[in-house]
Amino acid sequence: MNEPLLEINEKLLEYQTQRLQQSIMELMDCCDDRKLHEIGRFSLPYAELKCLMLFRGERYLTVKGIARKLEVAKSRVTKLINSLFEKRLVNRIDDPQDARIRLISLSGKGKAMSKEIEDFEQDIFRQMLLQMDAEERKSVLSNLDILRSAMEAVKKSYFK
């Protein structure tokens with residue numbers, strides 16, 4: 001008696017799995033399109049944009065700290081910082097407490113660009129929310145929290 005119900009539930013779960021996968025892939029494609037737009041708009045490679053955005057709320061960062069946050073090798077960060085320095089977006093100073101460490105900070109130009117990028121990204125998310133009514137916004141945000149929690153749980157079990 002339960003077999004047809006199990007078969008229906010299995011088919012439903014398979015359908016929902018495919019829908020979730022498709023929806024997430026489409027969201028990722030949309031995010032990739034935004035990245036490409038940002039690269040053109042700000043005339044910076046995406047890695048440099050991402051690096052600039054690490055300074056939100058930070059006065060200084062180290063190469064080691066940036067490498068950890070970007071999950072790349074320190075040698076890659078050194079190249080990023082050199083490029084940003086050449087563009088006058090960051091400053092490098094010696095750490096007064098440890099001469100072996102260089103502190104990286106945003107220059108005035110870097111702060112202005114970082115703010116411009118942040119404002120641009122915030123406006124995109126605002127515009128997305130404005131496509132929905134208040135109840136839909138509340139539902140979407142709540143469901144995204146549920147999805148994020150589910151993703152974290154799966155990540156812990158799969159990617160130990």
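The values are calculated or read from the model by the stated rules, or taken from the named source; none is laboratory data. The structure presented is a predicted model; accordingly, all values stated were derived computationally and were not measured. Using ideal geometry, Cβ is built from the backbone for each residue, glycine included, and neighbour counts are taken over all protein chains shown.
Of the residues making up the range 51-67, those that are basic (Lys, Arg) and out of contact with any Lys or Arg (no Cβ under 9 Å at 6 or more places or on another chain) are Arg56, Arg59.
Starting from residues that are hydroxyl-bearing (Ser, Thr, Tyr) and under 22 Å from Phe42 (Cβ atoms), keep the ones in the range 56-96 and report whichever is modelled with the highest pLDDT.
Step by step, filter the range 56-96, then rank; the result is Ser83.
Would you check which residues across the range 47-99 are hydroxyl-bearing (Ser, Thr, Tyr), in contact with a strand residue (DSSP E or B) (Cβ under 8 Å, 6 or more places away or on another chain) and exposed (fewer than 11 other Cβ atoms within 10 Å of the Cβ) and list them?
Once the filter is applied, which keeps residues that are hydroxyl-bearing (Ser, Thr, Tyr), in contact with a strand residue (DSSP E or B) (Cβ under 8 Å, 6 or more places away or on another chain) and exposed (fewer than 11 other Cβ atoms within 10 Å of the Cβ), the range 47-99 yields nothing.
Of all residues in the range 97-117, exactly one satisfies the criterion of being modelled with pLDDT of 95 or more and acidic (Asp, Glu), namely Glu116.
Pairs are defined by a Cβ separation below 7 Å, a sequence spacing of at least 6 or placement on different chains, a first member in the range 27-43 that is farther than 12 Å from Ile124 by Cα, and a second member that is loosely packed, with under 13 Cβ neighbours inside 10 Å; the pairs so defined are Ile39/Pro45. Among the residues examined, Ala134 does not qualify as among the hydrophobic types (A, V, I, L, M, F, W, C) and modelled with pLDDT under 95. Among the criteria (1) closer than 30 Å to Asp98 by Cα; (2) assigned to a helix (DSSP H, G or I); (3) in contact (Cβ under 8 Å) with a residue 40 or more places away in the chain, the one Phe55 does not fulfil is (2).
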